[in-house]
Amino acid sequence: MSDPMSDPSLQAASDPRHDPAAEVVELCRDLIRIDTSNYGEEEGPGERKAAELVASLLDEVGIESRLHESEPGRTSLIATWGGSGAARPDQGALLLHGHLDVVPAAPEDWQVDPFSGEVRDGYVWGRGAVDMKDFDAMLLSVVRARARAGRVPDRPVVLCFTADEEAGGHKGAEHLLGVARDELEQCTEAVGEVGGFSTTVRGRRMYLIEAAEKGMAWMKLTARGRAGHGSMINRDNAVTELAAAVARIGAHDWPVRLTPTMKTLLAAVAELAGTEATPENAEALVEEFGGAARMLGAVLRNTTNPTMLDAGYKVNVIPTEASAHVDGRFLPGFEDEFFATLAELCGDGIDIDYVSKQQPWETPYDGDLVDAMSRSILAEDPDAIVAPYLMSGGTDAKHFNKLGMRSYGFAPLRLPSDLDFTALFHGVDERVPVDALEFGARVFDRFLDDI
């Protein structure tokens, strides 16, 4: 007869410290209370205090970590764990990664202090609650509980908490590719944000696992002309040339292009809708996701959104130079089309400089790791559907993929059907349900049993 106390769920029940969900809420609140706002090129508080907290939490359960700084205060952390048992010989280490920085928040716009970690109406509120101190807390809660219980994975695991993800990861994950390359090169697969969250389609919960990501082209466009008096004729006006280019870029109707990941997702939705997925009905199928269509609609095509304009210094002076910033995102497999079209839209006389240029990626939605993610969700929510999706934004996976890892986004959350979850990313009143955090910790604990 097997020992009943070998069942992980019974172990958790016998000692609250072994429950993977026991401290996830408090850890999330503690991380939110540390202001790690990332202002891009401007100075900010940095991530060091958060990295030091993570290091102390791991140290408490016997996991040694190493801090790496690209600049003073811009701190990332790496730790190794597991690998003491009979791991499969064909299997490398698994990278579990999250970022510690958040985008800025204007307190006057919020119902609560965005760095309070307040619990209200069944939610943890604060900047980073969904992007992504929630997953940092899940990961820490699960690892700490398992370490206390002696439930260490046979497979080697690299834990990584990074700086600077919200500004392209150049001072975080990209920096780690140089200073911690030996540890990272051991990893053949990676799991981080953004995926594993639920959305409701025709009354069924569907959990979306990130298996692909658009490329990033943050651009500065510059037009140069002849300075002069605002009252005179000037046919070499930099502002005019720039404005025309920006208008063309912003108004361009990019065609629908379906990648393998989105074909799989839309096929699952089409089955619920009693139809078949085609490029012609792709937009209608995406609308089935409700609020999540805001994000999923953006991964049916390349996108270019003008975001900043800068020109001149006085109303009656025609300036020599005018500039604009554009956030461009391009689909895996359609890079050439994107950049060729962009050049046509800009036209002659517009210089393009890249603030950040990162390649897209797409990982096949198959294999043991995908099966483990699906099983762990269905064990907690048996009637759900699990499917892949393509992420419109960027994550640190872009950097880790340079080492050949198969990457996925899997930060599981079971969400209310009426919550407009995607609007909370970088939004006002960012918050995550308490029971979703606890659900995510339980799912991730099951996932680690199966890696």
So for each of 126-134, 139-147 I average, over its residues, the number of other beta carbons within 10 Å; can you give me the resulting order with the highest mean first? 126-134, 139-147
Long-range amide H partners of VAL102 with built H, under 5 Å: THR36, SER37, ASN38
Amide H neighbours of GLY228 under 5 Å, counting only residues 5+ apart in sequence or on other chains, H built in-plane at 1.01 Å? ILE318
Phi angles of region 169-181, converted by Karplus (6.51 cos²θ - 1.76 cosθ + 1.60, θ = phi - 60°) into ³J(HN,Hα) in whole Hz with x for Gly and Pro, give x, 5, 9, x, 4, 5, 4, 5, 4, x, 7, 10, 4
Classify the chain: rounded, prolate or oblate, from the alpha-carbon gyration tensor (a ≥ b ≥ c, eigenvalue square roots; a/c under 1.5 rounded; otherwise prolate if a/b is larger than b/c)? prolate
Residue-wise, which Karplus ³J(HN,Hα) couplings in Hz belong to region 325-334, taking 6.51 cos²θ - 1.76 cosθ + 1.60, θ = phi - 60°, and x for glycine or proline? 10, 10, 9, x, 9, 10, 6, x, x, 10
Relative contact order (percent) for region 316-451, with alpha-carbon contacts under 8 angstrom and 6 or more residues of separation? 28
In whole angstrom, how far apart do the alpha carbon centroids of region 217-288 and region 16-80 sit? 37
Using only helices, what value at 222 nm comes out for the chain when you add -39,500 (n - 2.57) per DSSP H run of length 4 or more and divide by the total residues, to the nearest 500 deg cm²/dmol? -9000 deg cm²/dmol
In sequence order, calculated HN-Hα J values of region 103-114 (Karplus, 6.51, -1.76, 1.60; Hz; x Gly/Pro): 6, x, 9, 9, x, 5, 8, 9, 6, 10, 4, x
Can you give the accessible area of HIS399 in Å² (nearest 10), computed on protein heavy atoms with a 1.4 Å probe? 0
What does the C-alpha gyration tensor say about the overall shape of region 23-175? Classify as rounded when a/c is under 1.5, otherwise prolate if a/b is larger than b/c, or oblate. oblate
Using only Cα atoms, tell me the angle between helix 434-449 and the longest principal axis of the chain; keep it within 0 to 90° and round to the nearest 10. 70
Which value, in Å², gives the accessible area per residue of region 246-315 when a 1.4 Å probe is used on the protein heavy atoms? 54
Relative contact order of the chain, pairs being alpha-carbon contacts under 8 Å that are 6 or more residues apart, as %: 23
What does the charge count near GLY168 come to, summing +1 for each Lys or Arg and -1 for each Asp or Glu among other residues with Cβ under 10 Å from its Cβ? -2
In degrees between 0 and 90, to the nearest 10, how far off the longest principal axis of the chain does helix 335-346 point, with axes built from Cα atoms? 30
When ranked by the protection proxy of mean other Cβ atoms within 10 Å per residue, highest first, what sequence do the peptides 389-398, 270-279 form? 389-398, 270-279
Most to least packed among 190-197, 238-245, 214-221 [average Cβ atoms within 10 Å]: 190-197, 214-221, 238-245
Nearest-ten-degree value, helix 368-380 long axis tilted from longest Cα axis of the chain: 70
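The values are calculated or read from the model by the stated rules, or taken from the named source; none is laboratory data. The structure displayed is predicted, hence computed values, not measured ones. All Cβ positions, glycine included, derive from the backbone under ideal geometry; neighbour counts span all protein chains shown. Side chains are part of the model used for accessible areas, which takes the heavy atoms of the whole protein and leaves out ligands, DNA and RNA. Shrake-Rupley method; radii C 1.70, N 1.55, O 1.52, S 1.80 Å.
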